[in-house]
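Heads up, the thing below is written out as structure tokens.
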Amino acid sequence: MSRCRILFACNLICLFCMSICLISVPALADSGVRGRVAWRGELIQGVKVRAYHAVADIAGGTPVATSAPTDLDGIYQLELAPGNYVLTAGNQLEAVSGQSAFKPGDLFCYYSGSPIRISAQGYRTVGFNLVRVPEEAPPATAKRSGIYGEVSFQDQLLERSYLYVYKDPGKGFKGPGYFIQPVAKGQFRLNLPPGDYYLLARKRERGGQFGPIEIGDYFNFYYGNPIHVTAGQVREVKIETITRLSMLEEDVVDFQGVRGQVVNSAGEAQAGLYVFAYRQSEMTGSPDYFSAPTDQKGFFELALPDGGPYYLLARQAFGGPAEINELYGKLLEESGVALAISIPEQTTEVRIHVAPKSTN
């Protein structure tokens, strides 16, 4: 998500000397999607959501728009103009036509509700339940071309499911498609003539081959779609199914608090420091709120329950007075007075400078 940052300083010299730069975040776009991303119930940071005009564009690596990576709470937001979109989420690189962007261990999800309709003036909540790209054997020589493999759920074979084979993704994988293969014990082998195919797996708790996906059902879109079947070869296919997670479909509440970066006097990022928030300018005793340690780029996020005001400091240790040479720094005005932060409706971003604590 792009942000226009407005610096509250008179010139660059003052900026370098100041302990903090306050940044104002503008209003968000009017329409798009937002939600949470998880893997097996664990919210995942660093995943991008991509929007495409059509399913066929996924393999070609031509998204209409790509979100910023998900935050610490697995939350993303993607601005989209009104229209219809196919959505995916993952941490792999952009696909290149004719060359897979996936490698074993990558995270991926195709949104089964695609195509999704985006209307003007509003955001739709879309959650993604990821799977990891599996290790698969290379194509093998065979008398008859086709595929073989397994349908699973969290490393266990999934019984009484169905493998759906489609040749045309244009109808959003609705209806019977090209072929439906029952998978009684979780493993399958299917002869197919040479060509390109899209594969999906589904298991409805109420039984049957057709119908909408409901809570408790298992389903997924094969990450390697479309799969190319070559004459005289068979290919291994592993499809890990997922279930709908209600927590991913809940409305995302806008973050309220402070985000920013901790740096030293040279502007270098400082990892592993805590940011404390106090309601009193003295900033002594136990903090009212505190962040997780800053990441490798010195960034932190600290949710706050109300508008404040709050006073911030960053330090290495947690508890007790600061030790000599401990990295330590307060959020200060240019005059050296503790700066009070009042949280507006939009997130406030700050930069805090730290230095080794002296005897003074």
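Observations, loosely collected:
- Intensity falloff of region 255-356 expressed as log10 I(q)/I(0), Debye formula with alpha-carbon point scatterers, at q = 0.10, 0.19, 0.22 Å⁻¹: -0.23, -0.89, -1.22
- Taking 40, 202, 189 and counting other C-beta atoms within 10 Å, the order from fewest to most: 189, 40, 202
- Other residues whose C-beta falls under 12 angstrom from the C-beta of residue 45 contribute a net charge of -3, scoring Lys and Arg +1 and Asp and Glu -1.
- Available extension along the chain between residue 265 and residue 333 is 22.9 nm, counting 0.36 nm per residue and deducting the alpha carbon span.
- Extension gain (nm, one decimal) between residue 167 and residue 120, 0.36 nm per residue minus Cα-Cα: 13.6 nm
- With the largest listed first and rounded to whole Å, the semi-axes of the equivalent ellipsoid of region 42-133 from the Cα gyration tensor are 20, 17, 10.
- Taking only the C-alpha atoms of region 150-309, Rg followed by Dmax gives 25.4, 77 Å.
- Once the Cβ-Cβ distance of residue 140 and residue 68 is raised to the sixth power relative to R0 = 56 Å, the FRET efficiency obtained is 0.85.
- Sequence of 206, 132 once ranked by neighbouring C-beta atoms within 10 Å, starting from the fewest: 206, 132
- In this simple spin-label model, placing a label point 7 Å from the Cα along the Cα-to-Cβ direction at both residue 155 and residue 102 gives a separation of 2.0 nm.
- As a length-normalised measure over Cα pairs under 8 Å and 6 or more apart, the relative contact order of region 137-250 settles at 37 percent.
- Subset of 103/171; 103/238; 185/238; 103/167 violating a 21 Å alpha-carbon distance limit: 103/171; 103/167
- Here the Karplus relation 6.51 cos²θ - 1.76 cosθ + 1.60, evaluated at θ = phi - 60°, turns the backbone of region 154-161 into coupling constants of 6, 6, 10, 4, 9, 8, 6, 10 Hz, with x for every Gly and Pro.
- Here the Karplus curve 6.51 cos²θ - 1.76 cosθ + 1.60, taken at θ = phi - 60°, turns the phi angles of region 104-118 into couplings of x, x, 5, 9, 7, 7, 9, 6, 5, x, 5, x, 9, 9, 9 Hz, with x standing for Gly and Pro.
- In summary, the lysines within cross-link reach of residue 330, defined as a Cα separation below 25 angstrom excluding same-chain residues under 8 places away, comprise 297, 357.
- Backbone amide hydrogens, once placed in the peptide plane, bring residue 179 within less than 5 Å of 165, excluding anything fewer than 5 places away on its chain.
- For region 49-62, 3J(HN,Hα) per residue [Karplus equation, 6.51 cos²θ - 1.76 cosθ + 1.60, θ = phi - 60°, Hz, x = Gly/Pro]: 9, 10, 10, 10, 6, 8, 4, 4, 6, 4, 5, x, x, 10
Every number in this text was worked out from the coordinates using simple rules, so none of it is lab data. Bear in mind the structure is a predicted one, so any value in this text is a computation, not a measurement. Note that each Cβ is placed from the backbone with ideal geometry, even for glycine, and that neighbours are counted across all protein chains shown.
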